[in-house]
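S.K.: Questions regarding the structure given below will be posed in turn.
Laboratory data are not the source of any read-out in this text; all were calculated from the coordinates shown. These numbers were taken from a predicted model, which means no experiment stands behind them. In this analysis, Cβ positions are derived from the backbone assuming ideal geometry, glycine residues included, and neighbour counts consider all displayed protein chains.
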Amino acid sequence: MLGRDRRTSARRSQLTALNAARNALAHGDAAQLAKLQTSSQRLDLSSFKVWRGAVGGLATTMDVVVSDYLGQLFGRPAPW
């Protein structure tokens with residue numbers, strides 16, 4: 001995926017931040033939440049919008065990569 005879209009690395013970093021926030025929220029980890037709030041990636045609406053964009057971008061890139069792979073595997077044009 002890294003070779004397909006130059007933004008993949010940054011999107012993966014955003015996904016890591018999203019996962020850390022999700023885990024802290026899901027497990028009620030007040031210390032981790034406080035740590036996240038003081039980091040450069042705050043827990044606010046703008047962060048969630050960035051994370052949503054990163055997830056969407058990764059999904060789109062994965063769709064293209066899988067489509068290309070299946071097309072090569074079966075010797076046909078992309079199935080979708």
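S.K.: How many residues does the range 43-56 contain that are farther than 16 Å from ASN19 by Cβ and surrounded by 12 or more Cβ atoms within 10 Å (Cβ to Cβ)?
M.R.: Count: 0.
S.K.: For residues in the range 60-80 being surrounded by 11 or more Cβ atoms within 10 Å (Cβ to Cβ) and among the aliphatic types (A, V, I, L, M), which is nearest to ASN19 (Cα to Cα)?
M.R.: MET62
S.K.: Hey, among the residues in the range 1-38 that are part of a helix (DSSP H, G or I) and of a type in the set (Lys, Arg), which one's farthest from the chain's Cα centre (by Cα)?
M.R.: LYS35
S.K.: Taking the range 45-80 on its own, how many of its residues are within 17 Å of the chain's Cα centre (by Cα) and of a type in the set (Asp, Glu)?
M.R.: Here is the first cut: in the range 45-80, the residues within 17 Å of the chain's Cα centre (by Cα) are 45-66.
Adding the requirement that they be of a type in the set (Asp, Glu) leaves 63.
Qualifying residue count for the region: 1.
S.K.: Which ones in the range 39-80 are of a type in the set (Phe, Trp, Tyr) and not in a helix (DSSP H, G or I)?
M.R.: Scanning the range 39-80 gives a single hit, TRP80.
S.K.: Which pairs have Cβ atoms under 9 Å, sit 6 or more apart or on different chains, and link a residue in the range 35-60 that is within 14 Å of ARG11 (Cβ to Cβ) to one that is of a type in the set (Asp, Glu)?
M.R.: Filtered contacts from the range 35-60: GLY57/ASP5; LEU58/ASP5; THR60/ASP5.
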